[in-house]
1. Taking the stated definitions as given, is Arg228 over 30 Å from Ala318 (Cα atoms) and in contact with a helix residue (DSSP H, G or I) (Cβ under 6 Å, 6 or more places away or on another chain)?
2. Do we have Asn291 as in contact (Cβ under 8 Å) with a residue 12 or more places away in the chain, in contact with a helix residue (DSSP H, G or I) (Cβ under 9 Å, 6 or more places away or on another chain) and either farther than 23 Å from His114 by Cβ or not assigned by TED's automatic domain parsing to the domain that holds Val239 (or both) here?
3. Can you name every residue in region 166-188 that is crowded, with 20+ Cβ neighbours inside 10 Å, in a helix (DSSP H, G or I) and not aromatic (Phe, Trp, Tyr)?
4. Just to be sure I understand, how many residues within region 271-286 are outside any loop (DSSP other than H, G, I, E, B) and out of contact with any strand residue (DSSP E or B) (no Cβ under 9 Å at 6 or more places or on another chain)?
5. For region 342-361, give me each residue that is assigned to a loop (DSSP other than H, G, I, E, B), among the small types (Gly, Ala, Ser) and within 28 Å of Asn248 (Cβ to Cβ).
6. Taking the condition of being free of Cβ contacts under 8 Å to residues at least 40 places away in the same chain, among the polar types (S, T, N, Q) and either surrounded by fewer than 20 Cβ atoms within 10 Å (Cβ to Cβ) or closer than 18 Å to Asn247 by Cα (or both), how many residues in region 348-381 meet it?
7. Consider only pairs whose beta carbons are under 6 Å apart and that are at least six residues apart or on different chains; among these, list those whose first residue lies in region 229-253 and is touching a residue at least 40 places away in the same chain (Cβ under 8 Å) and whose second residue is assigned to a helix (DSSP H, G or I) and β-branched (Val, Ile, Thr).
8. Could you list all residues from region 219-237 that are crowded, with 22+ Cβ neighbours inside 10 Å and either under 20 Å from Gly265 (Cα atoms) or of a type in the set (S, T, N, Q) (or both)?
Amino acid sequence: MITQTTYAPSNADSHSASTEAATRTPPLMRLEQEQARPHQDEQGLFDTVLAQFNQAADILGLDPGVREILERPKNEIVVNFPVRLDDGRIETFAGYRVQHNDVLGPFKGGLRYHPQVNADEARALAAWMTWKCAVAGVPFGGAKGGIQIDPSAYSPGEIERITRRFVYALGDNIGPDYDIPAPDVNTNAQIMAWILDTYLSTRPAHERQRNLHVVTGKPVAAGGSAGREKATGQGVAFVVEEWATENNVALDGLTFMVQGFGNVGSWAARLLARRGARLVAVQDVTGAVRNDRGIDPEELLAHVRRFGGVEGYSQAEAITHRDFFETAADVFIPAALENQITARTAPWLKVRLVVEAANGPTDVAGDMVLSRNGVELLPDILCNTGGVIVSYFEWLQNKRHEAWDLEDVDARLKKMITGAYQMVRRTERESVVDARTAAYILALQRLEHAYKQRGIFP
């Protein structure tokens, strides 16, 4: 493993974002109000990744050399960089980029802005991206990163300067055919546009148009793809539809609950509701609400955009965290942050199926409880691949100087993610394992094959 640690010098005074938050103007972008891990059990996230990896590797009989490579990241980059704030003071921010593996293609993964961003989280998320791309058949490797920051405490101008300075600090650790960032928690198309502009500004003028694919999830006007905003939620909806068809379950009347009503959760809810499914409960960082007769996700989204969360939504009853988990429904879609379904919370669930729209929402103990209670689970490295699949489409369009229409993007996405679903199910049957282990086995088989074909230099 090559570890690269870069520090940007600064003798700046420290600045407390939390004490200033109440007086600052919220960013122009609508920040993702993802779940804030209520009563979360403490567990190293990368430990969860390794436990899942080792279980599948043992069953598969993974080559020891390949195992040695995959159980740790290839590169870890840490940058500490200074930014001048609106009041003239300087604050230094910690930024991370972990590049797990690139045997199948360039590193690919999101950038998140969150107070809990750290090296352990980035390692775990980068590894999950490696498995995810392998499962989906996307020719990318895995990376992840972000800035340890509460973005709601900073003005739009400050967020822009922080973003641009982060990109400059990363330098050639990202690149259009090397490592391609994308949106994640609390980042969006506007931030991707700032990343693009900053990166292009560091290139010679005659090379800039050849580097538009340095980042995906951009606004359409800046080279983004139709359908990218809803891609992860659309992929989740396609997976639920595939499961319903396989199990002879009618979508019309199917009940579901969603944790996290940011981009992914809201799009999954809206798309499933359009197929006749009934949303009965939602939880986000502000609270939880329930209406057994059904919640209109479009109306709820309007409320969230206006008030910053689901709390206070008048068409549903306010409930506790435990009440939310104990809501009876057919499907639970965790679309928040990691480690939400644990040994403590898993016994509360009264659902038939868990569809992991978030990265790592279920820890190892939670998996065991769900299995014991007969709750089926479709894993994150299958369910939330819609985002990276459409990111791949955007990357291709930029390289080819093409623009695909929404119908084309959706059709290609459906073909790839349903194909991945069928391959996971086939592996599940052949290996006599659960769906998560099957998805890992499928990913590791593809990665092992690539290494055996290429060999190890020298």
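1. Yes; evaluated as a whole, the condition is true for this residue.
2. So Asn291 does not fit the description; no.
3. Answer for region 166-188, where residues must be crowded, with 20+ Cβ neighbours inside 10 Å, in a helix (DSSP H, G or I) and not aromatic (Phe, Trp, Tyr): Val167, Ala169, Leu170.
4. 2
5. Of everything in region 342-361, those that are assigned to a loop (DSSP other than H, G, I, E, B), among the small types (Gly, Ala, Ser) and within 28 Å of Asn248 (Cβ to Cβ) turn out to be Ala357, Ala358.
6. The total comes to 1.
7. Ala231/Val390; Thr232/Val264; Gly233/Val264; Gly235/Ile417; Phe238/Ile417; Glu242/Thr418
8. Ser225, Gly227, Arg228, Lys230, Ala231, Thr232, Gly233, Gln234, Gly235, Val236, Ala237
The values are calculated or read from the model by the stated rules, or taken from the named source; none is laboratory data. Predicted, not measured: the structure shown is a model, and the values here were computed from it. Please note: Cβ atoms are built from the backbone with ideal geometry, for glycine as well, and neighbour counts cover all protein chains shown.
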